[in-house]
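Have a look at the structure below, then the notes.
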Amino acid sequence: MGLYDKGMDFDPKKYFLGAQRFLPAIIGAIAALLVVWFLWGLFAPEPITFSFSKNPIKNMEQTVLEVTVANTTGATAQSVVIEVFPEDKPSISVGSQTQTIPVLDQYRKLEFVINPVGQTLAGNYVLNIKTEINGKKFFKQAVLTIEK
């Protein structure tokens with residue numbers, strides 16, 4: 001009795017009809033998992049957030065960059081170093097570019113004083129924020145606008 005013999009009763013519709021009934025449920029389950037994954041990423045805390053006390057600023061003004069570092073690794077971190085440094089070092093000065101948090105369990109807020117150096121031209125200036133928490137490196141960029 002072979003596959004192509006007349007005695008073989010093979011009807012593809014009979015075998016795949018049962019699978020077609022479950023196809024909408026399978027697609028719905030996959031879609032639900034994708035929605036949950038997207039929402040989890042949307043509401044998960046970010047390890048580095050920032051805000052300026054004033055942005056934009058004039059050429060001879062200073063501003064404060066407030067950096068919030070959140071521990072998203074799940075374990076208490078020791079000696080967390082936060083660095084803030086400008087891309088254009090001759091034009092922007094950061095007071096105390098490096099600060100250390102002895103113990104980071106939840107989150108900490110740090111302040112960095114930002115000053116334009118000399119007659120800085122109007123435009124956008126990038127400040128890099130870098131840290132490492134429990135062996136994981138994090139990086140974010142802040143943009144400061146200087147007006148005439």
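The values are calculated or read from the model by the stated rules, or taken from the named source; none is laboratory data. It should be emphasised that the depicted structure is a prediction, and the values quoted were computed from it without experimental measurement. Note that each Cβ is placed from the backbone with ideal geometry, even for glycine, and that neighbours are counted across all protein chains shown.
Take VAL113 and tell me if it is within 19 Å of GLN141 (Cα to Cα), in contact (Cβ under 8 Å) with a residue 40 or more places away in the chain and under 18 Å from the mean Cα position of the chain (by Cα).
Judged against the criteria, VAL113 is not a match.
Tell me, yes or no, whether the range 131-146 has at least one residue that is more than 22 Å from the chain's Cα centre (by Cα) and at pLDDT below 90.
No, the range 131-146 contains no residue that is more than 22 Å from the chain's Cα centre (by Cα) and at pLDDT below 90.
Here's a check for you: in the range 79-89, which residue that is touching a residue at least 12 places away in the same chain (Cβ under 8 Å) and assigned to a loop (DSSP other than H, G, I, E, B) is nearest to the chain's Cα centre (by Cα)?
Per the stated criteria, the residue is GLU87.
Just give me the residues in the range 20-57 being surrounded by 10 or more Cβ atoms within 10 Å (Cβ to Cβ), outside any strand (DSSP E or B) and either touching a His at 6+ places or on another chain (Cβ under 7 Å) or among the polar types (S, T, N, Q) (or both), in sequence order.
Selection gives SER53, ASN55.
Which of the following residues is surrounded by 14 or more Cβ atoms within 10 Å (Cβ to Cβ) and among the acidic types (Asp, Glu): GLU61, GLU83?
None of the other options fit; the residue is GLU83.
Report, by residue number, each residue of the range 128-148 that is closer than 21 Å to PRO45 by Cβ, part of a strand (DSSP E or B) and not hydroxyl-bearing (Ser, Thr, Tyr).
ASN128, ILE129, LYS130, GLU132, ILE133, LYS136, LYS137, PHE138, PHE139, LYS140, GLN141, ALA142
Taking only the range 90-125 into account, find how many residues are hydrophobic (A, V, I, L, M, F, W, C), assigned to a strand (DSSP E or B) and either more than 20 Å from THR49 (Cα to Cα) or not assigned by TED's automatic domain parsing to the domain that holds THR72 (or both).
Residues in the range 90-125 being hydrophobic (A, V, I, L, M, F, W, C), assigned to a strand (DSSP E or B) and either more than 20 Å from THR49 (Cα to Cα) or not assigned by TED's automatic domain parsing to the domain that holds THR72 (or both): 1 in total.
Which of the residues that make up the range 64-78 are in a strand (DSSP E or B) and loosely packed, with under 13 Cβ neighbours inside 10 Å?
Listed by number, the list holds a single entry, GLN78.
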